Amino acid sequence: MHMHVIAQVADAAAEAGLSSGDHFGMRVQLLADAAAALLVLLVAVALSVFKPRGLTRYGWRKQQESRVGERSAARGDQAAGLGVRR
């Protein structure tokens, strides 16, 4: 993706040392790309570590489905006489 700029900077560095004015635009681009990549990684880490409170819609729906399934199974057991007697 950014290999063209990296290759140009590498070629320039191989030919001569980079002084303060040489290839300033490419160096700024490399720095900006590295900062953007670091920001993306930090956002991914933050999202993987921190979770909002409560359930997502998907989790809530699955929880409701499992509760309904448990209730219907318990009703079926009671109707068949398999319920737990107290």
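Computed from the coordinates by the stated procedures, all read-outs in this text should not be read as laboratory data. Note that this is a predicted model, so its numbers are computed, not measured.
Things to note:
- Per-residue HN-Hα couplings for segment 49-60 [Karplus 6.51, -1.76, 1.60; θ = phi - 60°; Hz; x = Gly/Pro]: 8, 9, 10, x, 5, x, 9, 6, 4, 5, x, 5
- Table column - 3J(HN,Hα) (Hz), segment 3-14, Karplus curve with 6.51, -1.76, 1.60, x for Gly and Pro: 5, 5, 5, 5, 5, 5, 5, 5, 5, 5, 5, 5
- Couplings 3J(HN,Hα) for segment 33-45, derived from phi with the Karplus relation 6.51 cos²θ - 1.76 cosθ + 1.60 (θ = phi - 60°), are 5, 5, 5, 5, 5, 5, 4, 4, 5, 5, 5, 4, 5 Hz, where x marks Gly and Pro.
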